[in-house]
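Following: one structure in structure tokens, then a few remarks.
The values are calculated or read from the model by the stated rules, or taken from the named source; none is laboratory data. Computed from a prediction, not measured in an experiment: that's the story for all the values here. Here Cβ is always computed from backbone atoms with ideal geometry, including for glycine, and neighbour counts include all displayed protein chains.
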Amino acid sequence: MRSNIPVGIVGYGSYVPRFRLPAQEVSDLWTDGNAVLPVREKSVPGLDEDVATMSIEAARNALKRARIMIPGQFNPKDIGAVWVGSESHPYAVKPTSTIVAESIGATPYTQAADWQFACKAGTEAFQASIGFVGSGMAKYALAIGMDAAQGRPGDALEYTAGAGGAAYLLGPISDSFVEIEASVSYVNDTPDFWRRQYEKFPEHAGRFTGEPAYFQHVTSAAQALFEGLGKGARDFDYFVCHQPNTRFPVKAGENLGFTMDQMAAGLLVNDIGNTYAGSCLIGLTAVLDKCKPGDRIMVVSFGSGAGSDAFSLKVTRLPSHNGVLCTHDYVRRRKVIDYAQYTRLKGNYRLT
Amino acid sequence: MRDVSIIGVGQIPVAEHWDKSIREMGYLALSAAMRNAKVTVLDALYVGNMLSGELARQEHLGALIADFSGLRGVEAVKIEAACASGGAAMRMGYMAVASGLCNFVAVMGVEKMTDQQGPDITAGLAMAADGDYEALHGLSFVSINALLMRRYMHEYGYTKGDFANFAINAHANGVGNPNAMFRAPITFKAFSEAKSVADPINLLDSSPIADGAACAILAPTAIASEFSDKPIRVRASSIATDTVSLHDRREPLWLEAAALSASRAYDMAGVRASDISFFELHDAFTIMSALSLEAAGFAARGHGVRMAQDGSIGRTGKLPITTMGGLKARGHPVGATGMYQIAEVALQLREEAGPNQIANASLGMAQNIGGSGATVVTTILERIK
Amino acid sequence: MEVSRFWRTTKQRYQLIGEVCGHCGTKIFPPRDVCPSCDLEAKTPFEFGGKGEVFSYSTIHQAPAGFEKYVPYTVALVKLEEGPLITAQLTDVDECDVKIGMPVEMVTRALREDGERGMLIYSYKFRPVMESKSI
């Protein structure tokens with residue numbers, strides 16, 4: 001897929017909360033320490049953090065970079081869409097996006113909506129933003145993938161369900177430092193993971209979530225993009241993929257022909273866990289923090305249910321950061337907590 | 001304008017009055033004061049109260065207490081100015097008598113706090129602060145005083161222990177007051193080890209939550225001696241205000257309203273701070289004692305704490321304060337406190353303070369502070385010789 | 001449940017929008033429409049930068065109703081770069097690390113819930129300034 005009008009990334013920003021729960025804590029409680037740990041640790045939001053507040057900070061970082069990119073000319077009133085993709089919106093009914101739009105000064109003449117497609121919600125918002133800007137309906141569109149993921153106590157997902165994500169301000173190529181070359185979406189009804197209405201924790205289909213779900217969709221979307229562009233893995237400098245654990249994205253990348261050199265920069269899951277709708281998008285911010293003009297990046301998301309979006313990005317200019325916080329500033333900021341503190345932060349103690 | 005005197009006072013012990021409602025407490029203090037003044041009819045009743053709606057689920061206290069006390073028909077209203085409600089009622093009564101509109105006015109402070117639980121009381125007290133810009137952000141009233149105390153310690157170089165004597169002195173005086181909530185002395189060690197409420201304020205910096213009611217009967221001085229052997233003349237009465245929120249103050253550590261209220265009172269009475277024999281100040285927290293002493297002109301800025309350290313505030317000191325236990329030991333039923341202060345100053349001047357009697361007390365001052373200093377009432381009383 | 005009360009101050013809480021006095025230039029937060037410096041009308045909106053330093057602070061162990069589940073939490077008076085003092089919570093910091101004079105920056109965080117079924121109230125809070133060490 002290509003837009004009529006070329007679209008690029010004008011600004012981006014990430015966010016990760018400061019608390020970290022070592023996976024060993026989960027293993028010690030539920031398996032006497034015998035579990036094979038899928039990540040080293042995961043990020044945990046503070047009591048005053050949720051998808052709205054984390055989105056606001058990531059969005060503010062994106063706007064700071066946009067102001068550096070187009071000095072003196074950027075106006076938040078030109079943001080024609082504020083779209084937040086998540087599976088942990090703070091309200092069941094009431095948009096997160098209006099809270100974000102209000103906080104960054106984009107209201108009132110703007111599109112605002114929340115997206116939901118499990119872990120693909122963020123790239124879904126990204127795809128829609130390409131269309132919105134690429135059709136000329138908006139000068140800028142803000143796409144956010146952010147989650148404060150839930151994992152049932154003792155479940156495999158409790159080791160990895162993390163918090164964080166990223167915001168992208170898409171706009172005309174003239175204001176951008178990254179060009180979005182093309183994208184592909186690949187979906188079908190593959191029920192590997194879900195959360196029913198009124199349920200606090202999601203359910204998953206165990207090993208079924210591997211081959212027929214994750215690998216099938218990620219690989220198919222990526223290969224479709226390769227074919228459409230007439231390119232292969234060696235044409236890309238970086239590969240960033242949805243990261244539910246340390247093993248899946250590497251295996252998917254290797255299947256597609258990528259090497260660790262291409263994948264390492266965007267792999268954050270070992271440090272912050274699986275940030276769901278934010279996962280590959282925050283992997284991408286870590287790559288953009290260190291990219292240089294001419295670099296080509298492939299990004300592939302995966303959302304249960306199931307589907308993948310694949311993007312090809314080309315860096316056209318050196319992004320200037322000028323003090324704006326980078327992804328690893330947040331990754332390095334960490335306060336380790338134990339399982340008891342984690343239970344309190346997640347609201348899993350019953351107080352009444 | 002007529003000269004005004006107190007011809008009678010009445011109070012109930014400050015305590016957790018589980019068995020008494022707000023109307024019963026009001027009646028008990030009012031009837032005691034009326035007996036003390038030997039009056040059976042009133043022209044008006046002014047009821048100082050802060051939180052009856054929130055904590056006792058009852059507004060309309062003027063009519064309620066008037067009726068319950070057998071005074072149906074009398075002019076009666078509630079006066080509210082946060083913790084300064086009692087003092088404010090005194091001021092309204094004073095104006096009513098001084099103006100010539102009323103001859104016999106009861107001024108009361110009453111508060112029922114213990115019907116609610118801790119977090120609800122804490123939220124109620126925070127209503128003395130700015131609702132949208134202080135209380136909404138989770139500040140308790142204690143924490144607002146803690147912000148003042150921390151800054152005071154920082155600017156003037158004090159440690160927490162330097163404040164201890166305010167609490168120790170109050171508790172020492174509470175021992176001899178039958179109406180005090182706490183009648184046991186405390187030690188420096190106990191103060192140092194007390195549990196933190198809102199750092200740096202601990203439990204022994206803080207006045208306790210309590211129920212109480214106190215009342216005084218005002219009349220024109222010209223006829224006061226017909227009702228009382230020892231009428232107490234109101235030499236001055238003043239209210240001044242400042243911003244409700246701490247962050248809006250010109251200087252957070254300077255209680256501008258307290259200074260203004262005190263200087264108006266001194267002018268009205270034609271006296272200076274050095275003429276005051278003893279001072280019932282608003283020691284809701286130890287920091288408030290220091291700030292009140294400074295604003296009222298007894299200590300230079302940053303020196304209020306030294307008066308506690310050097311013994312000036314004891315019953316035989318240069319300026320005895322909280323002579324009946326103060327808010328700290330007598331207790332702080334918020335809207336009633338201002339009237340307890342008035343009753344206590346009157347008892348000292350009538351030489352009826354029992355074991356706590358101050359020698360040669362001729363001119364007593366009370367200062368009742370609402371919020372973190374937004375409403376300040378200063379009253380100067382004198383024994384008519 | 002209260003709704004309009006919180007909605008009314010959304011711009012102040014989300015964006016730190018106060019006022020600037022057109023007569024003497026004083027920056028005002030929270031907005032009060034009459035300038036505290038010159039007592040003339042001041043209604044021009046002004047967005048504060050969100051940087052300041054801790055003027056005083058306290059950690060609350062006994063919280064008012066609605067804030068019980070957050071104890072202990074730290075509140076502060078913050079001196080904003082543009083002049084005014086503001087009352088707010090501190091976040092992302094341990095109490096033992098807070099100092100008077102510490103540089104802080106505004107973030108938007110959840111303040112509390114208006115009961116279990118009521119709205120979520122977001123507001124400015126302040127945290128120690130995060131410096132970028134990556135680039």
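Just give me the residues in the range B:3-58 being assigned to a helix (DSSP H, G or I), surrounded by fewer than 22 Cβ atoms within 10 Å (Cβ to Cβ) and small (Gly, Ala, Ser), in sequence order.
Answer for the range B:3-58, where residues must be assigned to a helix (DSSP H, G or I), surrounded by fewer than 22 Cβ atoms within 10 Å (Cβ to Cβ) and small (Gly, Ala, Ser): B:31, B:32, B:53.
Do the conditions hold for residue B:183, that is, is it touching a residue at least 24 places away in the same chain (Cβ under 8 Å), part of a loop (DSSP other than H, G, I, E, B) and over 30 Å from residue C:33 (Cα atoms)?
Judged against the criteria, residue B:183 is a match.
Scanning the range A:299-329 for residues that are touching an Asp or Glu at 6+ places or on another chain (Cβ under 9 Å) and within 14 Å of chain C (Cβ to nearest Cβ), which turns out farthest from residue A:217 (Cα to Cα)?
Filtering the range A:299-329 for residues that are touching an Asp or Glu at 6+ places or on another chain (Cβ under 9 Å) and within 14 Å of chain C (Cβ to nearest Cβ), the one farthest from residue A:217 (Cα to Cα) comes out as A:323.
Restricting the search to the range B:186-221, which residues are surrounded by fewer than 17 Cβ atoms within 10 Å (Cβ to Cβ) and either in the same structural domain as residue B:32 (by TED's automatic domain parsing) or within 24 Å of residue B:338 (Cβ to Cβ) (or both)?
Passing the criteria: only B:203.
Testing residue A:340 on (1) within 21 Å of residue A:65 (Cα to Cα); (2) assigned by TED's automatic domain parsing to the domain that holds residue A:115, one condition comes back false. Which one is that?
Here residue A:340 clears every test but (1).
Which condition does residue C:65 not pass, out of (1) in contact with a Gly (Cβ under 9 Å, 6 or more places away or on another chain); (2) in a strand (DSSP E or B); (3) of a type in the set (A, V, I, L, M), if it passes all the others?
(2)
Looking at the range B:87-140, which of its residues are in contact (Cβ under 8 Å) with a residue 24 or more places away in the chain and hydroxyl-bearing (Ser, Thr, Tyr)?
Answer for the range B:87-140, where residues must be in contact (Cβ under 8 Å) with a residue 24 or more places away in the chain and hydroxyl-bearing (Ser, Thr, Tyr): B:94, B:99, B:114, B:133, B:140.
Restricting the search to the range C:45-85, which residues are within 10 Å of another protein chain (Cβ to nearest Cβ), under 22 Å from residue B:152 (Cβ atoms) and in contact with a Leu (Cβ under 6 Å, 6 or more places away or on another chain)?
C:55, C:56, C:58, C:74, C:75, C:76, C:77, C:79, C:85, listed by residue number.
Please verify whether residue B:158 is under 18 Å from residue B:370 (Cβ atoms), of a type in the set (Phe, Trp, Tyr) and assigned to a loop (DSSP other than H, G, I, E, B), treating the condition exactly as stated.
Working: under 18 Å from residue B:370 (Cβ atoms): no; of a type in the set (Phe, Trp, Tyr): yes; assigned to a loop (DSSP other than H, G, I, E, B): yes.
For residue B:158, the condition - under 18 Å from residue B:370 (Cβ atoms), of a type in the set (Phe, Trp, Tyr) and assigned to a loop (DSSP other than H, G, I, E, B) - is not met.
Kindly indicate which of A:156, A:118, A:138, A:149 is touching a Pro at 6+ places or on another chain (Cβ under 9 Å) and farther than 16 Å from residue A:87 by Cβ.
On the way: A:118 fails: farther than 16 Å from residue A:87 by Cβ; A:138 fails: touching a Pro at 6+ places or on another chain (Cβ under 9 Å); A:149 fails: farther than 16 Å from residue A:87 by Cβ.
Answer to the selection: A:156.
One residue is enough: does the range C:87-94 have a residue meeting the conditions acidic (Asp, Glu), buried (at least 18 other Cβ atoms within 10 Å of the Cβ) and at the interface with chain A (Cβ under 8 Å from one of its Cβ atoms)?
First, the residues of the range C:87-94 that are acidic (Asp, Glu): C:92, C:94.
From the residues that got through so far, the ones that are buried (at least 18 other Cβ atoms within 10 Å of the Cβ) too are C:92.
Subset that is at the interface with chain A (Cβ under 8 Å from one of its Cβ atoms): C:92.
Yes - at least one qualifying residue is present in the range C:87-94.
Is the range B:323-341 home to any residue that is among the aromatic types (Phe, Trp, Tyr) and within 17 Å of the chain's Cα centre (by Cα)? Don't jump to the end; show me each part of the working.
We begin by selecting, within the range B:323-341, every residue among the aromatic types (Phe, Trp, Tyr); these are B:340.
Subsequent filtering for residues that are within 17 Å of the chain's Cα centre (by Cα) retains B:340.
Yes.
Would you check which residues across the range A:218-240 are within 13 Å of residue A:301 (Cβ to Cβ) and touching a Gly at 6+ places or on another chain (Cβ under 6 Å) and list them?
A:239, A:240 - these are the residues of the range A:218-240 that are within 13 Å of residue A:301 (Cβ to Cβ) and touching a Gly at 6+ places or on another chain (Cβ under 6 Å).
For (1) at pLDDT 95 or above; (2) assigned by TED's automatic domain parsing to the domain that holds residue B:202; (3) under 20 Å from residue B:381 (Cβ atoms); (4) not in a helix (DSSP H, G or I), each residue gets a yes or a no:
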site	(1), (2), (3), (4)
B:300	yes, yes, no, yes
B:313	yes, yes, yes, yes
B:316	yes, yes, no, yes
B:328	yes, yes, no, no
B:336	yes, yes, yes, no
